[in-house]
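Contents: one structure, followed by commentary.
We did not get these values from a lab; they are worked out from the coordinates using the rules stated. Keep in mind the model is a prediction, meaning the values are calculated, not measured. A quick note on method: Cβ atoms are made from the backbone with ideal geometry, for glycine too, and the neighbour counts reach across all protein chains shown.
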Amino acid sequence: MNDTQIITAAEKFAKEQLGRDTTGHDWFHTDRVRNTAALIAEMEQADVFICTIAALLHDVADEKLNPSKEAGLHKVHSWLAGHLSDEGQIGHIMQIIETMSFSGGGGKPMATLEGQVVQDADRLDALGAIGITRVMVFSGAKGRPVYDPEIAPRDESLQKEYRDYSKGTAVNHFYEKLLKLKDLMNTSYGRKLAEERHAFMESFLEQFYKEWNQGSRKLL
């Protein structure tokens, strides 16, 4: 199989695995990450093929969508072994996917430029208007309230705390993760793209609190 055929097969596999997801990790998220990763890869002179395949398969392995992290990684590795003959490429893609997660504290540093590119693309999709929409959809799917002024944002440094969706609120998640992402971008072009999206989220929160406080005032 040539690169184009492998990419087409990876698209089909990702659609099969993620097409029915309702937590914000669906095929459309994957497609956006793939397109953004390809754009950043071109700007940063990274391997576009490696970035594209890793982006297409990154959420297929996500522990949120599998019985365990190990099960998700095994699924992706099995697919790669059946479609790629280059063990170096397989290992590179697996290393990227294994290190993608935010995990409450930013995760481990990416070892390669391609990993930095894909991670930036994934983080960019958690910012801006798309990011706001996704956190609300995810919170609804997990039964997490939009906002509660009695609940303060958590200083999440442990993966167990970060994955405990029964606590916290959607708005708190901005402070626990989303507003941190701009400063965690790996590449210069990723940082450039993050600036506008970060500013939009800050404007959204300002408007949100304004409307919340107006709606909470008691009439005399």
Query raised in the report: Looking at Gly143, Gly190, Gln5, which one has the Cα that reaches farthest to the positive end of the dipole of the chain (charges on Cβ: Lys, Arg +1; Asp, Glu -1)?
Result: Gly143
Report summary line: Ranked from fewest to most other Cβ atoms within 10 Å of their own Cβ, His173, His92 fall in the order His92, His173
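Based on the alpha carbons, how large is the Rg to Rh ratio for region 45-144 when Rh follows Kirkwood?
Numbers: Rg = 14.2 Å, Rh = 14.4 Å.
The Rg/Rh ratio comes out at 0.99.
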Report summary line: Each label sits 7 Å from Cα toward the beta-carbon; between Lys69 and Phe28 the label points are separated, in nm, by 3.0 nm
Query - For peptides 37-46, 132-141, sequence by mean Cβ density within 10 Å, most packed first - result: 37-46, 132-141
Report summary line: Length gained if Glu195 through Asp47 is fully extended, taking 0.36 nm per residue and subtracting the Cα-Cα distance, is 50.8 nm
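What does the helix-only formula give at 222 nm for the chain: each DSSP H stretch with n ≥ 4 adding -39500 (n - 2.57), the total divided by the residues, and the result rounded to the nearest 500 deg cm²/dmol? It would help to have the intermediate numbers written out before the result.
Working: 10 runs with 137 residues, N = 220.
Helix contribution divided over all residues of the chain: -20000 deg cm²/dmol.
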Query raised in the report: When the scattering of region 28-67 is computed by the Debye formula from its Cα atoms alone, each counted once and equally, what is log10 I(q)/I(0) at q = 0.13, 0.17, 0.27, 0.29 Å⁻¹?
Result: -0.27, -0.44, -0.83, -0.90
Report summary line: Cβ density ranking, 10 Å radius, fewest first, applied to Thr8, Thr112 yields Thr8, Thr112
Report task. Starting from the Cα of Lys182, draw a straight line to each of the aspartates and glutamates and keep only those under 13 Å, dropping any in the same chain fewer than 8 residues away. Result -> Asp120, Asp122, Asp125, Glu195, Glu196, Glu202
Query raised in the report: Rounded, prolate or oblate: which one fits region 1-53, using the alpha carbon gyration tensor with axes a ≥ b ≥ c (rounded when a/c is under 1.5, else prolate when a/b beats b/c, else oblate)?
Result: oblate
Query - Among (i) 30, 18, 16; (ii) 33, 18, 15; (iii) 23, 21, 18, the entry that matches semi-axes √(5λ) of the Cα gyration tensor in Å as calculated here - result: (ii)
Query raised in the report: How large is the charge dipole for the chain, taken about the Cα centre, if only the Cβ atoms of Lys, Arg (+1) and Asp, Glu (-1) carry charge, to the nearest 20 debye?
Result: 800 debye
